[in-house]
Amino acid sequence: MAVSISAVVLLGIVVFVLIRGGYVRPGPALACGLFGFFLASTGAAPLITSAISTVTGWISSI
């Protein structure tokens, strides 16, 4: 759970910086956020969660 909260904070900061810098407009950023939100309620969510856990496990073992 701590990893997912950290990832959310990190990705939120990245999105904020990209919007602030003019690289991403607020509309597409909102569409991507909503896509992620709705994707989390599908059957793909457990697969994505396990893939992220595997990658963070690899990174922490380095």
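Of note:
- For the range 25-62, a residue qualifies if it is over 17 Å from residue 14 (Cβ atoms), open to solvent by 70 Å² or more (accessible area, probe 1.4 Å) and not in a helix (DSSP H, G or I), and the qualifying residues are 41, 43, 62.
- Yes/no for residue 18 being assigned to a helix (DSSP H, G or I), open to solvent by 70 Å² or more (accessible area, probe 1.4 Å) and either polar (S, T, N, Q) or out of contact with any His (no Cβ under 8 Å at 6 or more places or on another chain) (or both): no
- The residues of the range 50-62 that are touching a helix residue (DSSP H, G or I) at 6+ places or on another chain (Cβ under 8 Å) and of a type outside the set (Gly, Ala, Ser), listed by number, are 52, 56.
The values are calculated or read from the model by the stated rules, or taken from the named source; none is laboratory data. Here the structure is a predicted model, which means the values were calculated and not measured. Virtual Cβ from ideal backbone geometry, glycine too; neighbours counted across all protein chains shown. Just the protein is used for accessible areas: all its heavy atoms, side chains included, with ligands, DNA and RNA removed. Shrake-Rupley method; radii C 1.70, N 1.55, O 1.52, S 1.80 Å.
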